[in-house]
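Report on one structure; see the data block that follows.
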Amino acid sequence: MSRIEDFLREDIGEGDITSDALVGDRRGAAAIIARQECVVAGLEEASEAFTLLGLRVTPLAKDGERVRAGTAVLSVEGALRSILAGERVALNLLMRMSGIATATNDVLWACRERNPDVIVAATRKTTPGFRHFEKKAVMLGGGDPHRFGLDDAVLIKDNHLAVVGSITEAVARGRKVSFTKKVEVEVVSLDGAREAALAGADIILLDNMSPKDAAACRQAVKVISPGIIVEASGGITPSTAPEYAEAVDIISLGWLTHSVRAADLSMDITALKD
């Protein structure tokens, strides 16, 4: 069973008692409308929800496309009871994912006005059970998903360092995992960044640093090893992200998935048939 089937089962339960009582066997059509300018994300998932209910679906936009307010992004035809049964699941997916994609795209271009090469990334601060969709929305907005899970890369954080005792030793152990896995180290100071670079880290994550301090760390580690990737994270918001654009290679924002607002989309019945 797909996740979309799970979502439908959760919402429909034993049946839509309102539509069963009021709508009967009538057929018709409906359209989902973007009520604000947004980057659309979730059309594939919304289409699957309606298709699983036996409906004919026609996407009117593409995932990752920025549309104007008032744009119809998807139409659906068939039994009205089925259209109404799928409405909330389809809209929840579209609204959440489009909100993330739009915010990601807005932040990305605000940062790239200052540095055309900077990467905007998400984090693992996602909704349990919904990570795949949130990360996909980030990518549709032009961002990088970062790690999908703990098995993607070696990311040595403060609590790991509290156990191991030193950055140098932690990197040495991390490099033994596999040559296919990058090793990233979270640091909070210039000295920590230098130690991580000298230890052979592939990526250095600057945690909760100011843009000025981040720039100083980047300059210091690039002298040691020009190929090191420098990432800034920790408390960064859409309004502060552009300040880091010239200081680091990657800006990661948990905000993109834990604090973003859903985009405004709704469904209207557009045709009734006997």
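The order of H160, H146, H258, going from fewest to most other C-beta atoms within 10 Å of their C-beta, is H258, H160, H146. Summary of the geometry: the stretch 137-215 and the stretch 228-274, compared by the centres of their Cα atoms, lie 22 Å apart.
By how many degrees, 0 to 90 and rounded to 10, does the Cα axis of helix 3-12 deviate from the longest principal axis of the chain? Tilt relative to the chain: about 50 degrees.
Roughly how many debye, to the nearest 20, is the charge dipole of the chain about its Cα centre, given +1 on each Lys and Arg Cβ, -1 on each Asp and Glu Cβ, and no other charges?
Details: 32 positive and 39 negative charges, 77 e Å.
The dipole magnitude comes to about 360 debye.
The Rg/Rh ratio of the chain, with both radii computed over alpha carbons and Rh defined as the Kirkwood radius, is 1.10. Using Cβ point charges alone (K and R +1, D and E -1), the dipole size of the stretch 143-274 about the Cα centre works out to roughly 420 debye.
The alpha carbon centroids of the stretch 92-133 and the stretch 1-73 are separated by 22 Å. In terms of packing, defined here as the mean over residues of other Cβ atoms within 10 angstrom, the peptides 165-172, 127-134, 13-20, 240-247 line up highest first as 240-247, 165-172, 127-134, 13-20. For the chain, the share of DSSP beta bridges that are antiparallel, to the nearest 5, is 55%. Considering only A232, N115, V177, and ranking their Cα positions along the charge dipole of the stretch 109-258 that arises from unit charges at the beta-carbon of Lys, Arg, Asp and Glu, the one farthest toward the positive end is V177. Seen against the Cα atoms of the chain and their longest principal axis, helix 190-199 is set at about 90 degrees.
Read-outs throughout are calculated quantities, based only on the coordinates presented, and are distinct from any laboratory measurement. Here the structure is a predicted model, which is why all the values come from computation and not from measurement. Don't worry about glycine lacking a Cβ; one is built from the backbone with ideal geometry, like all the others, and counts go over all protein chains shown.
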